[in-house]
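Asks: Next up is a structure, given as structure tokens.
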Amino acid sequence: MQTFLVTGGLGFIGSNFILKARKKLWANIINLDKLTYASNPQNLEDLQNDSGYHFVRGDIGDIELIPHVLKQYQPDTIINFAAESHVDRSILSPQDFIQTNVVGTFQLLEASRAYWEKLSLQKREQFRLLHVSTDEVYGTLSPTDPAFREDTPYAPNSPYAASKAGSDHLVRAYYHTYGLPTLITNCSNNYGPRQFPEKLIPLIILNALNGKPLPIYGDGQNIRDWLYVVDHCEALYLVLKNSSIGETYNIGGNNEQTNLAVVEKICAILDELAPKPGLCHSCLITFVKDRPGHDRRYAIDCSKISTELGWQPKEDFESGLLKTIQWYLSNLTWVEQVQSGAYQSWIQENYGDRETVLS
Ligand code: NAD
Ligand code: DAU
């Protein structure tokens, strides 16, 4: 069986990817994660007795650790999920975004190139580095613009989007300059189980359950394309298995929704699943000051991945939202521990103050 080095695997999409990969036995997994605020060891506690899963605490930008990990575990594939991922945080404090998303990706590429160059010819040909990126690199659309295609020019508008655009350009350059067998995917907004509750959908679910205001930026008419996280993970695996090196693919849900419509749908489901006497959840909707530079609309044209690799999103939005809300309702301990930061004590017990673990 192959070995995948997954970075950022304790976050939202990475943990869903690893759970799927182990369930379907796609590969053995080495998960390298820095354990930032957005990670959660509980996301993968079901794998604690799985001999095909191994965790390493560390930073993708650590120039000593990454070569050591590559030498020790000899992965056939690297999947880079590790990033600072929240747009609002990038506006308040861009430093970490540049450090991890740009410099960290650069260091990971450098270490990967050195590792790949020393592999046998057969292993060099099999090796892939898949960089998981975002549709936000393409900037914003008007209501009548065509959806983003792989050849849409990059025009990032937030520090987050700019940092991801920078990382995409580096990955592309390592393919063209050094021949490193890279792949890039640009995906729309994911939703589903285990998403950190700073992002719109889990934030709204949890505020509504707690009877708190539901903040909607601006007029609520900004549009995002929503994709169920498991569909994204399956697309990533297909890209890894079946695409040619150097390719990029857009991945999306064919599911454009205004933010207001998303919040109203969540409220309607909660009115059924968790009714509050005398209260409709949508009464909690509160329009608040807009996000600076807020992109108006994202839309993805995923005809390339659909035609070339036969991928289509499977989950429809209503059933995906229902599953997501049911997951949060059934995992209130996860929520409580995320909100209290309780996993910090797990880190302390397992790692003390060590930022990396070299065995
Ligand atoms: P997340 O914030 O939930 O998780 C990120 C993970 O990366 C965390 O576990 C964190 O500890 C880890 N990490 C951060 N900095 C690190 C570093 N320097 N070294 C090692 N690990 C580090 O993010 P997510 O929503 O799961 O997104 C994963 C990837 O997918 C990101 O690259 C993001 O840009 C991209 N993406 C996300 C979405 C989305 O809707 N969430 C959509 C498209 C693309
Ligand atoms: O498009 C892909 C991107 O989707 C990913 O690359 C990012 O990592 C991910 O965080 C997400 O970015 P967004 O900025 O689109 O996601 P967020 O959940 O923060 O916001 C979704 C929309 O909802 C956006 O238009 C802003 C709005 N919003 C968000 C929050 C947190 C609100 O109206 N109120 C809120 O409280």
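The values are calculated or read from the model by the stated rules, or taken from the named source; none is laboratory data. Remember, predicted model here, so these are calculated numbers, not experimental data. Positions of Cβ are backbone-derived with ideal geometry, glycine not excepted, and every protein chain shown enters the neighbour counts.
Asks: So, residue 268, is that one small (Gly, Ala, Ser), in a helix (DSSP H, G or I), closer than 29 Å to residue 340 by Cα and more than 16 Å from ligand 1 (Cβ to nearest atom) or not?
Replies: yes
Asks: Starting from segment 291-303, keep only residues that are in a loop (DSSP other than H, G, I, E, B), then list their pairs with residues that are of a type in the set (Lys, Arg) whose Cβ atoms are within a distance under 8 Å, requiring at least 6 positions of separation or different chains.
Replies: These pairs meet every condition: 298/224; 301/149.
Asks: So, in segment 121-161, of the ones that are within 12 Å of ligand 2 (Cβ to nearest atom) and of a type in the set (Gly, Ala, Ser), which residue ends up nearest to residue 83 (Cα to Cα)?
Replies: Only one residue fits best here, namely 133.
Asks: When both residues are 6+ apart or on different chains and their Cβ atoms are under 8 Å apart, which pairs have a first residue that lies in segment 228-253 and is assigned to a loop (DSSP other than H, G, I, E, B), and a second that is at pLDDT below 95?
Replies: The qualifying pairs do not exist here.
Asks: Sticking with this one: Tell me the residue from 176, 169 that is more than 10 Å from ligand 2 (Cβ to nearest atom), touching a residue at least 60 places away in the same chain (Cβ under 8 Å), closer than 27 Å to residue 102 by Cα and not acidic (Asp, Glu), please.
Replies: Being more than 10 Å from ligand 2 (Cβ to nearest atom), touching a residue at least 60 places away in the same chain (Cβ under 8 Å), closer than 27 Å to residue 102 by Cα and not acidic (Asp, Glu) holds for just one of 176, 169, which is 176.
Asks: Quickly run through segment 252-272 and pick out the residues that are among the β-branched types (Val, Ile, Thr) and more than 11 Å from ligand 2 (Cβ to nearest atom).
Replies: Once the filter is applied, which keeps residues that are among the β-branched types (Val, Ile, Thr) and more than 11 Å from ligand 2 (Cβ to nearest atom), segment 252-272 yields 266, 269.
Asks: Within segment 118-167, restricting attention to residues that are assigned to a loop (DSSP other than H, G, I, E, B) and touching a strand residue (DSSP E or B) at 6+ places or on another chain (Cβ under 6 Å), which residue is farthest from residue 224 (Cα to Cα)?
Replies: Going through the qualifying residues, I end up with 150.
Asks: For segment 266-281, indicate whether the set of residues that are of a type outside the set (Gly, Ala, Ser) and touching a Phe, Trp or Tyr at 6+ places or on another chain (Cβ under 8 Å) is non-empty.
Replies: Checking segment 266-281: not a single residue is of a type outside the set (Gly, Ala, Ser) and touching a Phe, Trp or Tyr at 6+ places or on another chain (Cβ under 8 Å).
Asks: Is there any pair linking a residue in segment 263-290 that is free of Cβ contacts under 8 Å to residues at least 40 places away in the same chain to one that is assigned to a loop (DSSP other than H, G, I, E, B) and among the aromatic types (Phe, Trp, Tyr), with Cβ under 8 Å and at least six apart or on different chains, and which?
Replies: Pairs that qualify, where the first residue is free of Cβ contacts under 8 Å to residues at least 40 places away in the same chain and the partner is assigned to a loop (DSSP other than H, G, I, E, B) and among the aromatic types (Phe, Trp, Tyr): there are none.
Asks: Contact list please: Cβ distance under 6 Å, first residue in segment 40-58 and surrounded by 20 or more Cβ atoms within 10 Å (Cβ to Cβ), second residue at pLDDT 95 or above and of a type in the set (Asp, Glu), pairs at least six apart or on different chains.
Replies: none
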